Amino acid sequence: MPPSLEACLDRVIRERRLTVLFQPIVSHKTREIYAYEALIRGPSDTPLHAPVNLFETAVRHARLVDLELLCREVSIQQFKRLNLPGKLFLNASPETLFQPDFRSGCTLDMLQRAGLSPERVVIELTEQYPLDNYDVVREALQHYKEMGFEIAIDDLGAGYAGLRMWSELRPDYVKIDRHFMQDIHEDKVKQEFVRSIRNIARELDCRVVGEGVETADEYRVVSQMGLEFFQGYYFARPTALPETRVARSLFEQEPSTQRSHGYLSKCVGELMHRVSAICATTSVEETAQIFQSAPQLESLPVVSGERPLGLVRRNTLTSLLLNRYGRELHGKKPVSRLVDSHTLMLPSHLPIEQASTMVSEQMQQDRSLDFIITEEGRYCGVGSVIDLLRVITELQVRNARYANPLTLLPGNVPIYEELDQLLQTRQPFVVAYCDLDHFKPYNDKYGYEKGDRVIKGVAEILQEATDAQRDFVGHIGGDDFIVIFRSEDWQSRCEQILQRFEARVPDYYRREDVEQAGIWAQDRGGNYCLFPLLSLSIGCVNPDPVSCKSHHDIATLASGAKHMAKQQAGNVLYIERRRQPDITAELCEAVA
């Protein structure tokens, strides 16, 4: 016969068998995580796993205060253990304040033991039953505020007397019930309700949290209404090991229309999972509990301050604790003893291709499937070899689809995407349009095979003279190339390109043609004339990212610069001083 719910609850409280999940609350203003709400789950192998069953059973058997105090304690301890940033929202039932066994000051004692300031904690009132005695609740909350806590009320619009509760208790935060977030982009009534709440909140100096935001469309609408904080699956689901940052792209007004990064521009940072690191002083036993609450993790990063030390592997920890007396001998010792100090650590800006090489070399010695990602030596997150292989495969497929078949350089689509991406991020860059002079008569006389050799030679020179980590080389087609420079010494690089090409040109001709400095061939009118040897024209432009709206504007500028370069004989570098298209000239040309 299975144990009763009361016996099950008693065991849960006595053995502290609770799991804490954290869900981020993000700030639209700072585009960062502002706080985490602690959510409790009972043991997964019992009927009390769901929080509704757990708390209803506690109410039925007069154990609500015991359960809530335990929830606060384990939430505070885990929040501190994971070293999460921002504030901590702790749920509290107003009815516990009426209970005779409610103990004032317990929460402050828990914080002091954990080394957390009460200014980082928000007491979030959840209204599951009608609330009548506002005086008692107001007095208790005033006591919390005097100690430094902030107050929030949950699920505004769903409870028994939400608006009255708001007006009576004057909280610091109010959470709008998820019902009003669901499909709000299609519901004018919900939009008016949220606007009203926002207006009231401004008058009361109260901050509003939109709870239950699950889609980009929902976020787009409520963020435009002026709400400052959001919580929901769109940003992150509740998890035992929450991320400490959210992707900046989620905050864009039109998240679904954002372009991917340009051709071969992906970096290791895009593989990052924001796994919370544990301190080197965390005990082996505590680390085992974290692994138990997060079965999806195979490793945990260990840090000293912000500096990563390495990873502790689940299998290493399991093998240790499964040994006879393993838990007794090692459970209280620091986890730093188990850190894999040979863990590969890659900077977030490292290109995917270089990371793939480094990971492959590491895997010949170590079969581990995770690596650490850093920024300026500080721990940021964890990457997976599986994710790396997936991205490499995607890039290879994409490269094959859009690459020029002769040089295998990126074609028009990735070139345009790279330009648009740079314009969106307002990054400074210079575009160099490179075009061969007198290529057609050379092709006619020497044949397409020799012509292809020249084009491949230009591609090689451009790649050799550019910085693969900062610059972008593309092949528009035929004998036209584009270089997008982010290197500050772009002008000297362009001069090197011209010098290297000039030195290579004689290799493309027979001796007699070199001696006469050209070849005899038919012009467009069918007349024979002497065409000079091949030369290269480069037109450069430094677009204004504010005035240029898309790659079309840059193409207009670059084409004009190339045209001016080709007006001069020989290998020429022309630098266009204009930074935006001449709209008047374009209109006149269109009319003509």
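The values are calculated or read from the model by the stated rules, or taken from the named source; none is laboratory data. Remember, it's a predicted structure, so these values are computed and weren't measured experimentally. No Cβ is skipped: glycine too gets one built from the backbone with ideal geometry, and neighbour counts run over all protein chains shown.
See the values below:
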{"read-out": "Test: residue in the range 508-521 that is assigned by TED's automatic domain parsing to the domain that holds Ala555 and within 18 Å of Ile575 (Cβ to Cβ)", "value": "no"}
{"read-out": "Any hit, the range 199-207, residues being at pLDDT below 90 and over 23 Å from Val122 (Cβ atoms)", "value": "no"}
{"read-out": "Test: Glu285 is outside any loop (DSSP other than H, G, I, E, B) and modelled with pLDDT of 85 or more", "value": "yes"}
{"read-out": "Wholly within the range 1-81, helices (runs of 4 or more DSSP H) carrying at least 2 residues that are without any contact (Cβ under 8 Å) to a residue 24 or more places away in the chain", "value": "5-15, 51-60"}
{"read-out": "The range 556-584 - residue that is touching a helix residue (DSSP H, G or I) at 6+ places or on another chain (Cβ under 8 Å) and of a type in the set (A, V, I, L, M) and, of those, surrounded by the most Cβ atoms within 10 Å (Cβ to Cβ)", "value": "Leu573"}
{"read-out": "Options Ser319, Ser360, Ser336, Ser356: the member that is assigned to a helix (DSSP H, G or I), small (Gly, Ala, Ser), at negative phi and modelled with pLDDT of 85 or more", "value": "Ser336"}
{"read-out": "Residues (among the acidic types (Asp, Glu) and touching a residue at least 12 places away in the same chain (Cβ under 8 Å)) located in the range 441-492", "value": "Asp444, Asp452, Glu464, Asp467, Asp471, Asp479, Asp480"}
{"read-out": "Residue list for the range 26-46, restricted to those being farther than 30 Å from Gly226 by Cβ and either loosely packed, with under 15 Cβ neighbours inside 10 Å or polar (S, T, N, Q) (or both)", "value": "Ser44, Asp45, Thr46"}
{"read-out": "Residues (closer than 19 Å to Gly451 by Cβ and either touching a helix residue (DSSP H, G or I) at 6+ places or on another chain (Cβ under 7 Å) or not assigned by TED's automatic domain parsing to the domain that holds Val458 (or both)) located in the range 526-551", "value": "Phe531, Leu533, Leu534, Leu536, Ser537"}
{"read-out": "Options Ser196, Ser117: the member that is more than 19 Å from Ser75 (Cβ to Cβ), modelled with pLDDT of 85 or more and loosely packed, with under 15 Cβ neighbours inside 10 Å", "value": "Ser196"}
{"read-out": "Those helices (runs of 4 or more DSSP H) lying entirely in the range 139-256 with at least 2 residues more than 31 Å from the chain's Cα centre (by Cα)", "value": "162-169, 188-203"}
{"read-out": "Evaluation of Tyr574 against (1) modelled with pLDDT of 90 or more; (2) touching a Gly at 6+ places or on another chain (Cβ under 9 Å); (3) in a loop (DSSP other than H, G, I, E, B) (one fails), failing number", "value": "(3)"}
{"read-out": "Candidates Glu6, Glu15, Glu32, Glu56 - the one that is under 28 Å from Glu306 (Cβ atoms) and either charged (D, E, K, R) or touching a strand residue (DSSP E or B) at 6+ places or on another chain (Cβ under 7 Å) (or both)", "value": "Glu32"}
{"read-out": "In the range 5-59, residue farthest from Thr239 (Cα to Cα) [restricted to those that are hydroxyl-bearing (Ser, Thr, Tyr) and modelled with pLDDT under 90]", "value": "Thr30"}
{"read-out": "Leu84 being in a loop (DSSP other than H, G, I, E, B), surrounded by 19 or more Cβ atoms within 10 Å (Cβ to Cβ) and either modelled with pLDDT of 90 or more or not aromatic (Phe, Trp, Tyr) (or both)", "value": "yes"}
{"read-out": "Residues of the range 33-49 satisfying the condition of being within 31 Å of the chain's Cα centre (by Cα) and farther than 14 Å from Asn91 by Cα", "value": "Ile33, Tyr34"}
{"read-out": "Any pair with Cβ under 6 angstrom, 6 or more apart, that starts in the range 139-153 at a residue that is modelled with pLDDT of 90 or more and ends at one that is charged (D, E, K, R) and surrounded by 15 or more Cβ atoms within 10 Å (Cβ to Cβ)", "value": "Glu150/Asp172; Ile151/Asp172; Ala152/Glu124"}
